[in-house]
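Below is one structure, written out as structure tokens; the observations come after it.
The values are calculated or read from the model by the stated rules, or taken from the named source; none is laboratory data. The shown structure was predicted, so the numbers you read here are calculated from the model rather than taken from an experiment. Positions of Cβ are generated from backbone atoms using ideal geometry, with glycine treated the same way; all protein chains shown enter the neighbour counts. Only protein heavy atoms, including side chains, enter the accessible area calculation; ligands, DNA and RNA are left aside. Shrake-Rupley method; radii C 1.70, N 1.55, O 1.52, S 1.80 Å.
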Amino acid sequence: MDFPDLEAALKHFFGYDRFRPDQRQIIQESLDDADVLVIMPTGGGKSLCFQLPALLRPGLTIVVSPLIALMQDQVQALQDNGIGATFLNSTVGFVESRNREQAIMAGKIKLLYVAPERLLTERFLELLQEIKSQVGIGSIAIDEAHCVSQWGHDFRPEYRQLSSLRSYHPDIPMIALTATATERVREDIIQQLRLDQPKVHVSGFNRENLYYEVQPKDKSPYNQLLRIVNQQEGSGIIYCLSRKRVDEIAEKLNQDGFEVLPYHAGMSDVDRANNQTRFIRDDVQIIVATVAFGMGINKPDVRFVIHYDLPHSIENYYQESGRAGRDGEPAYCTLLFGTNDIRTVEFLIDQKPDEAEQRIAKQQLRQVINYAEGNECRRIIQLNYFGEKFPGNCGTCDNCCYPKPLEDWTIEAQKFLSCVARCQEKFGAGHIIDILRGSQSDKIKKYGHDRLSTYGIGQDRTTQEWRNLGRSLLHQGLLDITTDGYAILKLNPLSWEVMRKQITVQIAVNPSTVKQKTSSKTNRQAIQEVTNVNSVDAEMLFQKLRKLRKKLADAQAVPPYVIFGDSTLRKIAIEQPRTLEEFGKISGVGEYKLSHYGNQFIEEIKNHRLDNLDN
């Protein structure tokens with residue numbers, strides 16, 4: 001089938017009227033047979049970057065995916081758009097595998113999903129040669145490509161073996177995709193996959209639709225959690241550190257009237273799979289889980305993520321909280337922060353047998369604490385981790401919506417940075433603060449730092465105030481820190497400008513007499529602010545359309561979002577199309593879904609109008 005342009009193909013297959021940022025260029029480069037590396041945030045539309053080219057080029061596209069649930073989810077969504085897609089993994093029996101292979105050889109399949117360990121088996125490599133000679137292989141897509149790097153947050157040794165793909169198929173273009181990758185990880189991906197002069201696209205890591213907040217943990221954290229959950233609507237994930245806590249929180253929430261399921265590694269594979277499926281299909285509202293949950297799901301309409309305990313690192317938090325709002329609709333991310341959690345994580349780190357792993361894990365914990373205690377825009381801290389500068393004032397985090405008062409701390413900053421310089425940039429923040437505060441520790445005496453001119457000049461400030469300053473200097477880019485696990489403070493050109501009085505330093509302070517505000521913005525309010533859907537009528541219709549969607553999804557044993565996403569349903573509720581032609585113009589309605597679901601949704605809209613006339 002020929003299309004006049006890429007936009008026409010996009011509308012035909014997926015129902016969207018326009019591409020998201022960078023998608024069009026990536027797709028065009030892929031169609032031009034270039035190797036491509038895509039770093040695009042969750043919800044940015046990574047999958048489309050290899051799915052649409054697969055439908056427009058001859059041959060089969062092989063998609064390497066790390067988790068069974070993830071590939072099943074994507075294949076299901078493609079099939080519901082009328083697209084020939086399938087997967088081969090351990091859940092598929094011998095006879096069914098043969099049937100799927102025959103469908104591939106018959107040219108009925110355009111995308112084949114496979115796990116990396118299966119891809120490189122002798123049997124599968126032989127199958128690939130057959131496919132290549134009879135049908136052709138158009139491209140190879142490596143999804144979740146950060147798994148190839150030992151510096152990534154979810155390193156998988158089997159991904160390392162994918163480098164041999166270039167030896168077997170040097171002429172086939174490759175596209176590697178991931179949501180998070182530091183510069184070091186990006187370089188590792190290119191090297192390990194042997195990408196040939198790849199086009200690299202880093203779309204930015206900012207998730208504008210997510211509201212971030214940190215709340216100090218109450219003495220009764222469960223009651224605090226209950227208040228937060230009561231403010232939310234839609235599906236949610238609650239993350240806990242231990243299996244015991246997962247079971248405890250899930251049981252309490254069920255007793256308090258919520259539909260909740262647990263998920264952790266202590267459960268059987270069958271129970272975990274069933275609970276995940278029920279959550280994805282909206283049979284329950286909330287899943288309480290350890291961090292083992294989430295990577296393998298593609299549920300776009302998670303409206304809130306709550307971390308009951310501390311995450312292990314900034315990158316883990318970005319990934320876990322990022323499972324909210326993948327549909328681009330507003331969602332809420334809350335972290336409960338308590339000092340007891342720090343001791344728990346420190347205990348777990350001490351159990352690691354490798355000293356280098358312990359050192360890196362402790363630095364990652366310090367970064368999380370800096371995030372939780374930071375007074376700057378949450379996005380400044382998050383995005384800085386990935387090397388992305390953000391100006392602040394995002395308007396969708398607690399520190400921006402409820403800013404703390406600013407004070408001029410230029411003199412204190414000069415003292416702090418001068419002390420770093422006099423210590424020859426060889427120590428961490430704790431040692432610098434001890435010098436400023438005039439500590440008589442053995443370490444200070446050992447290095448003769450009690451003889452420095454900065455020794456004891458900061459006794460008028462508390463240790464916590466100096467820590468707050470140190471964090472703020474890092475977040476504002478006025479000071480650097482090593483990333484090799486040792487957390488050594490390093491000066492940069494801006495540091496010297498501060499010491500030369502060329503830059504003033506303002507930091508947010510915690511007022512001792514003013515009770516801090518916490519966000520009272522509910523998920524419903526956030527949605528109304530972004531979508532401007534204040535109409536009671538549209539909201540009533542939206543709820544009716546959700547029920548119809550759930551009914552259709554249950555009949556097909558698929559998740560509701562596979563029928564239509566929430567954003568598409570909202571557009572339908574607002575515009576209330578009366579004909580198939582009008583319905584087909586809605587963003588998210590392609591030709592396949594128009595023919596399969598259009599009449600049923602139009603009938604629901606018609607009945608809604610009649611009900612309103614009667615009233």
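Would you mind computing the Rg to Rh ratio of the chain from its alpha-carbon coordinates, Kirkwood style for Rh?
Details: Rg = 26.5 Å, Rh = 26.6 Å.
My calculation puts Rg/Rh at 1.00.
Could you compute the FRET efficiency for residue 578 and residue 555, with r as their C-beta to C-beta distance and R0 at 35 Å, rounded to 0.05? Show your work: numbers first, answer last.
On the way: r = 25 Å, r/R0 = 0.71.
FRET efficiency, residue 578 to residue 555: 0.90.
Find which of 482, 113, 563 sits farthest along the positive direction of the dipole of the chain, computed with +1 on the beta-carbon of Lys and Arg, -1 on that of Asp and Glu, about the Cα centre.
In the chain, that residue is 482.
Note down the Stokes-Einstein diffusion coefficient of the range 1-105 in µm²/s, whole number, using a Kirkwood radius over alpha carbon pairs, 10 °C, and 1.306 mPa s.
Estimated diffusion coefficient is 105 µm²/s.
Order the peptides 169-177, 561-569, 20-28 from the highest to the lowest mean number of other Cβ atoms within 10 Å of their residues. Numbers along the way, then the final one.
On the way: 169-177: 20.4, 561-569: 22.8, 20-28: 18.2.
In decreasing order of mean packing, 169-177, 561-569, 20-28 become 561-569, 169-177, 20-28.
Provide the per-residue ³J(HN,Hα) series for the range 232-237, in order, calculated from phi with Karplus coefficients 6.51, -1.76, 1.60 and θ = phi - 60°, each as a whole number of Hz, with x at glycine and proline positions.
Result, ordered by residue: 9, 10, x, 7, x, 10 Hz.
Give me the net charge of residue 386's neighbourhood, meaning all other residues with Cβ under 9 Å from the Cβ of residue 386; Lys, Arg count +1, Asp, Glu -1. Can you show the working numbers first?
Details: positive: none; negative: 183, 315, 388.
Computed value for this residue: -3.
Under a Cβ-Cβ cut-off of 10 Å, what is the net charge of the residues other than residue 41 that fall near it, where Lys and Arg count +1 and Asp and Glu count -1? Walk me through the numbers before you get to the answer.
Details: positive: 46, 207, 326; negative: 208.
Around residue 41, the charge tally is +2.
Taking every DSSP beta bridge that has both residues in the chain, what percent is antiparallel when rounded to the nearest 5? Display every interim value, and only then the final one.
Details: 5 of 54 bridges.
Of all bridge pairs located within the chain, approximately 10 percent are antiparallel.
Provide the packing ranking of 223-233, 419-429, 55-65, i.e. peptides ordered by the mean count of other C-beta atoms within 10 Å per residue, highest first. Intermediate results must be reported in sequence, preceding the final value.
On the way: 223-233: 15.9, 419-429: 17.5, 55-65: 21.0.
Per-residue Cβ counts within 10 Å, averaged per peptide and sorted highest first, yield 55-65, 419-429, 223-233.
Roll a 1.4 angstrom probe over the protein heavy atoms and tell me the percent of accessible area of the chain that is carbon or sulfur.
Here it works out to 47 percent.
For the range 280-420, report the translational diffusion coefficient in µm²/s to the nearest whole number, using Stokes-Einstein at 37 °C, 0.692 mPa s, and a Kirkwood Rh over Cα pairs.
Details: Rh = 17.3 Å.
The Stokes-Einstein estimate is 189 µm²/s.
Determine, from the Cβ-Cβ distance of residue 411 and residue 440 and an R0 of 25 Å, the FRET efficiency 1/(1 + (r/R0)^6), rounded to the nearest 0.05. Numbers along the way, then the final one.
On the way: r = 25 Å, r/R0 = 0.98.
So the FRET efficiency works out to roughly 0.55.
Would you mind calculating the gained length between residue 342 and residue 540 on full extension (0.36 nm times residue separation, minus the Cα-Cα distance), in nm to one decimal? Can you show the working numbers first?
On the way: separation 198, 0.36 × 198 = 71.28 nm, distance 4.49 nm.
The span from residue 342 to residue 540 would gain 66.8 nm if fully extended.
Can you tally the net charge around residue 582? Count Lys and Arg as +1, Asp and Glu as -1, for every other residue whose Cβ sits under 13 Å from the Cβ of residue 582.
Working: positive: 571, 578, 585, 606; negative: 575, 581.
Here the count lands on +2.
Kindly provide the helix-only [θ] at 222 nm of the chain, computed as the sum of -39,500 (n - 2.57) over DSSP H runs of four or more divided by all residues, to the nearest 500 deg cm²/dmol?
It lands at -14000 deg cm²/dmol.
Can you check how the C-alpha radius of gyration of the range 389-522 compares to 2.2 N^0.38 Å, as a plain ratio? Show your work: numbers first, answer last.
Working: Rg = 16.2 Å, N = 134, 2.2 N^0.38 = 14.1 Å.
Computed over Cα atoms of the range 389-522, the ratio equals 1.15.
Could you check how many percent of all C-alpha pairs in the range 49-114 are farther apart than 12 Å?
Values: 1444 of 2145 pairs.
The calculated P(r) of the range 49-114 puts 67 percent of pairs beyond 12 Å.
Considering only protein heavy atoms, what per residue accessible area in square angstrom results for the chain with a 1.4 angstrom probe?
Details: 27580 Å² over 615 residues.
It amounts to 45 Å² per residue over the chain.
Pop the C-beta distance of residue 596 and residue 269 into the FRET formula with R0 = 41 Å and round what comes out to the nearest 0.05.
Values: r = 33 Å, r/R0 = 0.80.
Calculated transfer efficiency: 0.80.
Quick one: Cα centre-to-centre distance for the range 552-615 and the range 224-268, in angstrom?
32 Å
Hull surface divided by four, with the convex hull built on the Cα atoms of the range 285-349: how many nm²?
Its average projected convex-hull area is 4.7 nm².
With charges only on Cβ, +1 for K and R and -1 for D and E, what is the dipole size of the chain about its Cα centre, in debye, rounded to 20? Can you show the working numbers first?
Numbers: 75 positive and 80 negative charges, 243 e Å.
Here the chain has a charge dipole of around 1160 debye.
Give the Rg (one decimal place) followed by the Dmax (whole number) of the range 113-249, computed from C-alpha coordinates and expressed in Å.
When restricted to the Cα atoms of the range 113-249, Rg and Dmax are 21.2, 66 Å.
Of 285, 435, 235, which is farthest on the positive side of the dipole of the chain, counting Cα position, with +1 on Lys and Arg Cβ, -1 on Asp and Glu Cβ, and the Cα centre as origin?
Positive-most Cα among the choices belongs to 435.
Where the only charges are on Cβ atoms (+1 Lys, Arg; -1 Asp, Glu), what is the dipole of the range 11-86 about its Cα centre, to the nearest 20 debye? Before the final figure, lay out the partial values.
Details: 6 positive and 8 negative charges, 40 e Å.
So the dipole magnitude of the range 11-86 works out to roughly 200 debye.
Relative contact order for the chain: what percent, with Cα pairs under 8 Å and sequence separation of 6 or more? Display every interim value, and only then the final one.
Numbers: 1005 pairs, mean separation 86.1, N = 615.
Relative CO of the chain lands at 14 percent.
Which of 396, 345, 406 sits farthest toward the positive end of the charge dipole of the range 341-427, with +1 on the Cβ of Lys and Arg and -1 on the Cβ of Asp and Glu?
It is 406.
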